[in-house]
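Note sheet for the following structure.
The values are calculated or read from the model by the stated rules, or taken from the named source; none is laboratory data. Quantities reported herein were computed from a predicted structural model and do not represent experimental measurements. Quick reminder, even Gly has a Cβ in these numbers, built from the backbone with ideal geometry, and neighbours come from all protein chains shown.
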Amino acid sequence: MPSHRTTGPAAPPTTPTTGYRALLRNKEFGGLYLSFTLTVAASTLSGFALGTLVNDRTGSPFLTAVSMYGATFATVLGALTLMSVADGKRPRRTLLLLQSVSLAGVAAQAVPGLPLAARFALLLTLGFFQSLGTGTRLGLLAEVVPGSAYAPARSLMNVTAGGMVIVGYAAGALLLRYIGPYGVFVLAAALTALGAAVVAATVREHSIRLTRRPGLRRTWRTNAELFAHPGRRTLLLNLWVPNGLIVGCEALFLSYDPGRAGILLGAASAGMLLGDLIVGRLLDADRRRRLGFGLRLLLAGPFLLFAVHPPVVVATVAVGLAGIGFAATLPLQEQLLEETPEAIRGQVQGVESAGRMTGQGVGAAIVGGLAQYLAPGTAMAVAAGASVVVTLLCRPPTTPYQRISRAS
């Protein structure tokens, strides 16, 4: 991993700077972390409410899957057009503005009687702005923690995201019974507003930014250099495609078994939480990188069982094991970060995140489309097989490659 900016020779080399407690003692990281946690909770609740609304109104596996993950389609537009705002001179202000847009969008979903077309339009609009917010947040993260603590910081955020998704789906199912989907949307909006308030209170502006104004031209130039090297393209392919196909499998849980979808979604999140905890917290960078290939195979392999419609206990265990495989993103993200200059880290990480989220949306659409013609379990197994093939054919390089130019 890249070294953090010099902190002075007096710092003992054995000081534990990468533990979760040490990270949380950093006020700015604590603020970003809490804001991220609230945002995940809001997104989980609103996505579950929208998916339930669409499933009840249409009964379509395709539309239900797209409603739960459709915002990810628009993230690619953010990556291709304005992601350079993530490296602007005032990232804190940018993040607060983008959080405000998200708040308005989630609140609008709470309007009763809104046509489904309008809800999907809101979903895509939110995806666009949320992709820019993610890039800005990750750019700030790379500045407020040491370089050696980046993977543990992402691990802690991933672990928390997994936990919040478990709680969010369980709470969402309960809340839907008492306050209905519109009440859940209102609660999600309140959590989004609280997340923005936390950023305002804890995060300061950072000056390690480009002086040129961000915009379309800069975004394109940096993206062109990012994709110019075949090693980087392979790295991104491994971050985006296997992950997206398996999220597509998860998007079919409601159609596969509506009564136990919450259990399966919770198992997937629990597995992801456990994987990130073990891989991000207990393993060093070298061991993470060595295990990355096996983790990507684990991500897809258990879903092959769904071709035979296994008993619910077997299906739950299989989904939990597959969830551990999502930790394969950590070593891949480390490889990408260590080759990225500080001045464009926000954009590069934003592009990676947007591509991964878009891959999830595409995966949900593809697997949901397959389920229109095949049984949901069969469609999941087909997608898992495709994920295994991509993993076997496209292993990323294990040696460093040339950095992206600072001239971007």
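Just the residues that are over 19 Å from residue 300 (Cβ atoms) and under 17 Å from the mean Cα position of the chain (by Cα), please, taken from segment 274-284.
277, 280
Can you pull out the residues in segment 17-51 that are of a type in the set (Val, Ile, Thr) and farther than 17 Å from residue 160 by Cβ?
Scanning segment 17-51 gives a single hit, 17.
Go through 54, 111, 106 for me and flag whichever is within 21 Å of residue 160 (Cβ to Cβ), of a type in the set (A, V, I, L, M, F, W, C) and out of contact with any strand residue (DSSP E or B) (no Cβ under 9 Å at 6 or more places or on another chain).
106
Hey, does segment 201-209 have a residue that's at pLDDT 75 or above, aliphatic (A, V, I, L, M) and surrounded by 22 or more Cβ atoms within 10 Å (Cβ to Cβ)?
yes
At least 2 residues that are within 14 Å of the chain's Cα centre (by Cα) in each: list the helices (runs of 4 or more DSSP H) lying fully within segment 301-376 that qualify.
Qualifying helices (runs of 4 or more DSSP H): 329-338, 345-370.
Pairs, please: C-beta under 9 Å, at least 6 apart or cross-chain, first residue in contact (Cβ under 8 Å) with a residue 60 or more places away in the chain and in a loop (DSSP other than H, G, I, E, B) and in segment 19-33, second among the aliphatic types (A, V, I, L, M) and surrounded by 16 or more Cβ atoms within 10 Å (Cβ to Cβ)?
Listed pairs, sorted by first residue: 19/149; 26/144; 26/145; 26/149.
Here are the criteria: (1) in a helix (DSSP H, G or I); (2) modelled with pLDDT under 80; (3) within 30 Å of residue 224 (Cβ to Cβ). Tell me which single one residue 65 does not satisfy.
It is condition (3) that residue 65 fails.
Can you find even one residue in segment 391-400 that is modelled with pLDDT of 85 or more and either crowded, with 20+ Cβ neighbours inside 10 Å or under 20 Å from the mean Cα position of the chain (by Cα) (or both)?
Yes: segment 391-400 contains one or more residues that are modelled with pLDDT of 85 or more and either crowded, with 20+ Cβ neighbours inside 10 Å or under 20 Å from the mean Cα position of the chain (by Cα) (or both).
Could you list, in sequence order, all residues of segment 256-286 that are of a type outside the set (D, E, K, R), without any contact (Cβ under 8 Å) to a residue 12 or more places away in the chain and either farther than 24 Å from residue 154 by Cα or not in a helix (DSSP H, G or I) (or both)?
Result: 259, 261, 283.
Determine, yes or no, whether residue 286 is surrounded by 24 or more Cβ atoms within 10 Å (Cβ to Cβ), within 25 Å of residue 350 (Cα to Cα) and at pLDDT below 85. Before the answer, list the steps.
Numbers: surrounded by 24 or more Cβ atoms within 10 Å (Cβ to Cβ): no; within 25 Å of residue 350 (Cα to Cα): yes; at pLDDT below 85: yes.
No, not satisfied.
What are the pairs, 6+ residues apart or on separate chains, where a residue within segment 345-364 that is in contact (Cβ under 8 Å) with a residue 60 or more places away in the chain and crowded, with 24+ Cβ neighbours inside 10 Å has its Cβ under 6 Å from a residue that is in a helix (DSSP H, G or I) and charged (D, E, K, R)?
Going by the 6 Å Cβ cut-off, the qualifying pairs are 346/87; 347/87.
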